[in-house]
Every structure is written in C-alpha cells, then in structure tokens.
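First the structure, in the form of structure tokens, and then the observations on it.
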Amino acid sequence: MDRKLDHTSSYQRIGPSQFSDLTGFYDAQKAPANLTETRRRVDAFVNKHSSTGRRIVLVTSGGTTVPLEAQTVRFIDNFSAGTRGAISTEQFLERGYAVIFLSRQYSLLPYSRHYSHSKNCFLDFMKPDGLGGITVAPQFTPAMLKVLEKYNSVKQQGLLEVVNFVDVNEYLFLLREITASLSTIRERAMFYLAAAVSDFYIPLGKMVVHKIQSGDGALHLELDQVPKVLSPLVKEWAPKAFVVSFKLETDPSILISKAKTSLARYGHQAVIGNILSTRKYHVILITNEEEKDIRLPEKEADAGAEIEGLFIPELISRHEEWIRQASLQN
Ligand code: PAZ
C-alpha cells in the first residue's frame, strides 16, 4: 500500500511550495542556533585581515544533507568528501589568502586530510619510542613534517577560519551570513563555491517532526527545489566580489553548455566544470572570455600533484586583474 506522510499533524503548512524569492525561504526556515556566534567570529576574522589588505576567499566544501524528519533519523546525502575544498584551501593559503572554510562537518580538512582518509589508519604512522612515548615512524617523518610546518604556520597567523554545516538549511543561512561579512572587503573577497549543495529539500513547513514509521508500504517523498542563492549573492549580497562557482555533471555532453548557462544567468566571473568520474584530473575553466581545458598529466598525478595546483593560480591571476580593474575605476 502506498501512503503519504501526514505532515500537517506535526507542522502547519506554510508558504508556497517553491520560493522564487529568497526572503520567503529565509523567513520560513529556522536559522541554526550558532548563527549569531558564527557571524561574530567571521566578522572578527574579516576585520583582522582586511586591516592588513590581505585577500580573503570563502571556500565551500563537502555535501549537504537533506533531513527527512525534524528530529532527524534519516536524511539524503551525496558523494562529496570535501577533497576539492580541502586541497583548494591549502592552495589559497600557500598563495597568501586568508580562508574561511565553510565545510561539511567531518568531511576532509586542509592538512589533516593527508592522514585522516589515508589508506593507513592514523596509528600506522606512529611507533613506540622505546621510552614509554610515541614517535612518528621514520618513513613518514619527512612528509609529515612538511605538512605540520605549514599547518602550524597557518594556525599561528590565524589565516584559517573553519565553519561547519551539516544540512542544506544550515549551509544556506551560514552562506548568507558569511557573505554579508565578506562583502565589506569588496573586490578583495573571492567566493569559491565547491560544495555539493542539494538541489532539493523538504521545507520545515512540510516536514514531519518524528521518525517516519515503517510497515505501511512504500514511502513517497516530495522535495521542493532549493532556491538558487547564487543570484542574490552575486547581484545583491556581495556585488563587488570575485565569484567562482562549480558545475558537476556526469554527462560530458552537457557540461559546457550548463556551465555557460550558469555564467550567463548569474553574471559571476568563472565556472569550474567537472565530471564526476574525472574530477581529480580534468576540469574546464569557463569565463565570459574563454573556455580552458585543464588536465593533470598522469605522471604528475603519480608524483603526488593535484589538479587544484594547476587551476587555482589561474583563478588567482583573474582575481588580481579584477581588483586592478576596480582600482582603476575608483
Ligand atoms: O568533494 P569532492 O572533491 O569529492 O568533489 C568536488 C565536487 C565535485 C563536489 C566539486 O568539484 C563540485 O563540482 N562542486 C559543485 C557541485 C554542483 O554542481 O553542485
């Protein structure tokens, strides 16, 4: 027997089923509890680095969940491990940026990612030192020392601010808040939107409170479309910033046209197109002026190179030009 969930007994149905304007979305959804504290933290980070003239990039990373119940037992998720975001953050930090890392809780983090999702358990990197303590096994020491030095330097200079989300609702509230903060540094802000954000969700007004019960046959879910925040982000929230979005597809034949449509629709500066199965070795950088195929040669990949090391310098040089052009107009 098929059934429909009785959400009306738990929550009153509110608002239209799709929010064409975002105010409707933010009014109807519940803000995360840590929003005010996070804004304070991000404001302090932005103020500190803006006073030194440093450029700041917001890197979004990892996948958002879509809860099925308000007291969430089940949720929809996606594949993203946050690899792109974590690697990219290291690249930006190495090139002088301060980074706000808006990342899915427990997905990969810059620096620790070299060990946390390695084939080895973290304990395999260690050995007893014979004096009752622990040391790093000698074969891993040179590589780990390099990572540790970079990590400590970033920490000492306070160049990295990590903000976590789990579900798509938290992500959208945090993104709007961080954008408001970053907009104060105008052209020196870059948005690098690499998170795999769900296109569909269940609005609070349509969600059941308690665990969905089994035993009554098939479950039919209806998901609303997540509002497109890129439009207000580019046009209203941070109109002076340099904005890079990502476009993921599985069908190569539609990737470029979808990326170009996105660029034309939202009016931002660049799209990085990638295909699920080849995303670690091949991306396409699309701007209004060009379409650049960027590939990581196999030999370089085998030697440990990562494709972000090829396309992030390209983005940075375009960001520098963006800042230069703005300074000519002021
Ligand atoms: O997190 P990851 O490294 O496994 O994947 C990165 C990615 C494919 C999520 C990213 O490159 C991307 O394309 N993000 C945007 C996805 C989208 O089209 O919404």
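The single condition among (1) surrounded by fewer than 19 Cβ atoms within 10 Å (Cβ to Cβ); (2) within 16 Å of the ligand (Cβ to nearest atom); (3) closer than 26 Å to TYR106 by Cβ that LYS150 does not meet is (2). Scanning segment 321-330 turns up no residue that is charged (D, E, K, R), buried (at least 17 other Cβ atoms within 10 Å of the Cβ), closer than 21 Å to LEU58 by Cα and modelled with pLDDT of 95 or more.
Can you find, within segment 202-247, the residue that is farthest from ASN164 (Cα to Cα) among those that are more than 14 Å from the ligand (Cβ to nearest atom) and assigned to a strand (DSSP E or B)? Among them, the one singled out is LEU219. Just one residue in the set LYS247, LYS235, LYS280 is surrounded by 16 or more Cβ atoms within 10 Å (Cβ to Cβ) and on the phi < 0 side of the Ramachandran plot; that residue is LYS247. Among the residues of segment 283-319, those that are loosely packed, with under 13 Cβ neighbours inside 10 Å and either at positive phi or part of a helix (DSSP H, G or I) (or both) comprise GLU298, LYS299, ASP302, GLY304, PRO313, SER317.
Every listed requirement among (1) over 20 Å from the mean Cα position of the chain (by Cα); (2) farther than 18 Å from HIS49 by Cα is met by PHE200 save one, (1). The condition of being under 30 Å from GLY309 (Cα atoms) and modelled with pLDDT under 95 holds for only one of SER17, SER118, SER88, that being SER118. Note on segment 48-137: enclosed strands (runs of 3 or more DSSP E) holding 1 or more residues that are within 16 Å of the ligand (Cβ to nearest atom) are 56-61, 98-104. Screening ALA194, ALA143 for residues that are at pLDDT 95 or above, closer than 24 Å to ARG84 by Cα, more than 16 Å from the ligand (Cβ to nearest atom) and touching a helix residue (DSSP H, G or I) at 6+ places or on another chain (Cβ under 9 Å) leaves exactly one candidate, ALA143.
The values are calculated or read from the model by the stated rules, or taken from the named source; none is laboratory data. Treat the numbers as computed from the prediction; the structure is a model and nothing was measured. Please note: Cβ atoms are built from the backbone with ideal geometry, for glycine as well, and neighbour counts cover all protein chains shown.
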